[in-house]
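Please treat every number below as a calculation from the coordinates, not as lab data. Not measured: the values here are computed from a predicted model. Because the Cβ atoms are built from the backbone with ideal geometry, glycine has one as well, and the counts that use them run over all protein chains shown.
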Amino acid sequence: MKMTILVIGATGKTGRPVVEALAARGAKVAAASRNPETGFGGSREDGVVPVRFDWDDRDTWAPALEGAEALYIVGPYAHPTGERLVADLLAEARDTRRVVLLSVIGAELLPQEAMMAHWERAVRASGKEWTILHPNWFFQNFGSGFLPALRDRGVLALPAGQGAVSFVDTRDIGEVAAAALTEDGYGGQVLTITGPDALTYAEAVAMLGDVAGRQMAYQTVEPEQAEANSRAAGAGERTIIAQRGLFQVIRDGGNAPVTDVVRRVTGHAPRSFAQYAAEYAELWRH
Ligand SMILES: NC(=O)c1ccc[n+]([C@@H]2O[C@H](COP(=O)([O-])OP(=O)(O)OC[C@H]3O[C@@H](n4cnc5c(N)ncnc54)[C@H](OP(=O)(O)O)[C@@H]3O)[C@@H](O)[C@H]2O)c1
């Protein structure tokens, strides 16, 4: 019998490509969402079964975990008591022998409020075979969280300074995660997953302007101003502190390194930002 792999965060920016990459390998996938019917598109014929899972509802944990020999975890990053939850989940995951955790490049430099250190400790201490993913910032942010600002105003304002970022396509993260979930040889590894080159936000936004055929620009904002904006928009203190750390790492050059992990694990070159921009150009037109 094929092993079942439970993907938490299956409707998200990495979870969805993880599910697709696993399905392409013929794996049996339990795709977890708080709203499995709407969130994961009804019945599928490719071995993907939507299941309900909610970090806030522990009654959903055991049914989702049942028979899951491998587990992909997108942690409860916006949760008020999210530090403990990954350890609690792993303690309940009795059928699971292998776990892949989504963390972030530079996690070791982030404040405790970012919670990655807690989750990484939990995974390492779980007694399971673990792999920790340290991806860089996703291409797909430009087509989701950053999209309204880019499409409506043509301006992306962030406290990233002129720091370079080796942005990465979440489809490549999905393929790397699928390999770590299904193949031997990745246990005990931290995989730093990047795109093929490091770009500043100014360079990335200019490329989107080129493909969309309009003027678009990046504007650097002072960290204090960015925090005041986030606070005014209703962000909690924990999120603000975590964001402060993430952008500090960018400004300090911590997001610039380029690794060969995508090529090494998948056998193909990482997708480039230029490819991504051309593919989705329609998104940034008016
Ligand atoms: N964005 C980046 O550039 C980047 C880079 C590196 C690392 N990361 C890390 O990636 C993680 C995910 O961030 P993201 O912005 O990309 O989010 P995302 O994965 O696109 O979306 C969040 C996912 O979490 C699920 N979710 C939310 N609340 C949940 C709950 N209470 N119980 C169960 N599932 C829940 C959502 O599923 P449903 O709504 O279907 O339940 C959704 O699939 C964060 O830890 C972040 O630090 C992000």
When the helices in the chain are scored as -39500 (n - 2.57) per DSSP H run of 4 or longer and the sum is shared across all residues, what 222 nm value do you end up with, to the nearest 500 deg cm²/dmol? -10000 deg cm²/dmol
Just rank Phe247, Phe53, fewest to most, by other beta-carbon atoms within 10 angstrom. Phe247, Phe53
What helices in the chain pass both tests, a Cα length along the helix axis of 20 Å or more and a mean Kyte hydropathy of -0.5 or higher, using whole DSSP H runs? 237-251
Rough spin-label spacing in nm, given labels placed 7 Å along Cα→Cβ, for Asp210 and Glu129: 4.3 nm
Rounded to one decimal in nm, the spacing of the 7 Å Cα→Cβ label points at Asp184 and Arg231 is 5.5 nm
Could you pull out every residue, at least 5 positions away or on a different chain, whose amide H is within less than 5 Å of the one on Val165? Hs are placed 1.01 Å off N in the peptide plane, and Pro or chain starts have none. Leu199, Thr200
Summing Lys, Arg as +1 and Asp, Glu as -1, what charge do residues with Cβ under 14 Å from the Cβ of Arg94 carry, Arg94 excluded? -2
I'd like the GluC sites (Glu not before Pro) in the stretch 158-218 restricted to DSSP loop residues with at most 11 other Cβ atoms within 10 Å, sorted by number. Glu183
With +1 on the Cβ of every Lys and Arg and -1 on the Cβ of every Asp and Glu, and nothing else charged, how large is the dipole of the chain about its Cα centre, in debye rounded to the nearest 20? 180 debye
Hey, rough spin-label estimate for Asp152 and Thr38, points 7 angstrom out along Cα→Cβ, what's it come to in nanometres? 2.1 nm
By how many nm would the segment from Arg94 to Arg263 grow when fully extended, if each residue of separation counts as 0.36 nm and the alpha-carbon distance is taken off? 57.5 nm
May I ask you to list the trypsin sites (Lys or Arg not before Pro) in the stretch 185-286 that are in a DSSP loop and have at most 10 other Cβ atoms within 10 Å of their Cβ? Arg285
